[in-house]
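Okay, so here's the structure we're looking at.
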Amino acid sequence: MQIKFWGVRGSIPCPGSSTVKYGGNTPCIEVYFPEINRLVIIDAGSGLRELGNDLMTRQLPVEAHLFLTHTHWDHIMGFPFFVPAYLPGTHIRMYGPATYEQESLEDVVGGQMTYRYFPIREAELAANIQYFNLKEETMDLGDGIIVKTKYLNHPVLCLGYRIEYNGKVFCTAYDTELFRNVFITDPEHHDYDAEMAAEGELVAAEQNKMIEQFYQEADFLVHDSQYTQEEYEQKFIGWGHSTIEYVCAAAQRNHVKQLALFHHDPLRSDTQLDEFTEKYCRSDYCGDVNTFFAREGMVIEL
């Protein structure tokens, strides 16, 4: 597997002089299997535009499995600018989490391409595009590629992906936040219920453990780490994102080999990420896990 980052930011693209090193595009990861010429894409953020342009210089037609972690706009906004979608002969199988809402995956992704938002309608795309709703499941993509999914904790239904091929494991866990006890835990509160509070603690711990088990012993993990612990506790509890400190500790105890800290806050400058590298990507934080902040253009080979 060759894993390449085409977009590493969260929330909104942030191009500019302060984001040149790590990049300003929103999430898009390419997973290429050179010996069998198979292509998997995870997320269609603004980085998908550059990936599409690059694919145009390679072998045509393009055939790809495109997996969406969820349908927040920063993870789908690049699709209308994905040049291969406009070409006959392109075949895109798009997968994403099925929600309780009335709109299908096709409605949500294609809904960007209505005249009120975009000059070209999805119906005008020349590519063969198929849509598949996902739950927690295991898929065999053929040629030995296995994809497993896991629900994460985010304000909309969101999936982590575990890709297994030729004895190697690549996992994603974004966008996600630690599950918390949603019940009242203050014994002095007039609505406090000790049994419910204890049950809430148990359920949150079980769900967090299940997510960690999903990426246990992965050769490479890409994990949401948008905030520091201090930032998270001051303002961002409930926003659906993880802290750098938690992710580094979780990767260690689950024997992950390589860890990419991902989904950088749009206000995070290159200078700040360099400083964070010096602070967090050390053995006292990460143990023997090879840890780094993801950068656009970075390629990891498994």
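Coordinate-derived values only; no laboratory data. What you are looking at is a predicted structure, and each value in this text was computed from that prediction instead of being measured. Please note: Cβ atoms are built from the backbone with ideal geometry, for glycine as well, and neighbour counts cover all protein chains shown.
A few remarks follow.
- Pairs of Lys residues in the chain are counted when their Cα atoms are under 17 angstrom apart and they lie 8 or more places apart or on different chains; the count is 8.
- Evaluated at q = 0.16, 0.21, 0.25 Å⁻¹: base-10 log I(q)/I(0), Debye formula over Cα of the stretch 19-70: -0.49, -0.80, -1.04
- Considering only I237, I92, I41, the mean-square fluctuation computed in a Gaussian network model of the chain, springs between alpha carbons under 10 angstrom, is largest for I237.
- 15 Å reach of a label modelled at W73, 7 Å along Cα-to-Cβ, counting backbone N of the stretch 259-290: none
- Gap separating the Cα centres of the stretch 110-124 and the stretch 163-221, nearest whole Å: 38
- Among the chymotrypsin sites (Phe, Trp or Tyr not before Pro) found in the stretch 115-186, those both in a DSSP coil and sparsely packed, with 13 or fewer other Cβ atoms within 10 Å of their Cβ, are Y115, Y117.
- Computed from the Kirkwood radius of its Cα pairs, the Stokes-Einstein diffusion coefficient for the stretch 194-302 at 10 °C and 1.306 mPa s stands at 106 µm²/s.
- When every Cα-Cα distance of the chain is counted in 10 angstrom steps from zero, the calculated P(r) takes the values 6, 27, 35, 22, 8, 2, 0 percent.
- Cα gyration tensor shape of the stretch 131-202, rounded if a/c is under 1.5, else prolate or oblate by comparing a/b with b/c: prolate
- Whole-number percent relative contact order across the chain, with pairs defined as alpha carbons under 8 Å at least 6 apart: 18
- Filtered GluC sites (Glu not before Pro), the stretch 179-248: DSSP coil and at most 12 other beta carbons within 10 Å: E188, E217
- Efficiency of FRET between N53 and E201 - r from beta-carbon atoms, R0 41 angstrom, step 0.05: 0.25
- GNM remark for the chain: springs join alpha carbons under 10 Å apart, and the peak mean-square fluctuation among C286, C28, C158 falls on C286.
- Projecting the Cα atoms of I3, P27, H189 onto the charge dipole of the chain, computed from C-beta unit charges around the Cα centre, puts I3 farthest toward the positive end.
- Computed on the Cα trace of the stretch 84-212, the radius of gyration divided by the Kirkwood hydrodynamic radius gives Rg/Rh = 1.12.
- Using a Gaussian network model of the chain in which every pair of alpha carbons under 10 angstrom is joined by a spring, one finds that among R268, R121, R58 the greatest mean-square fluctuation is at R58.
- Between Q272 and E137, the simple spin-label model (points 7 angstrom out along Cα→Cβ) gives 4.0 nm.
- If a spin label sat at a point 7 angstrom from the Cα of K168 along the line to its beta carbon, the backbone N atoms of the stretch 219-253 nearer than 20 Å would be those of 219-223.
- A Förster radius of 25 Å, combined with the Cβ-Cβ distance separating V156 from F81, puts the computed FRET efficiency at roughly 0.65.
- Around the Cα centre of the chain, unit charges on the Cβ atoms of Lys, Arg, Asp and Glu (plus for the first two, minus for the last two) sum to a dipole of about 1160 debye.
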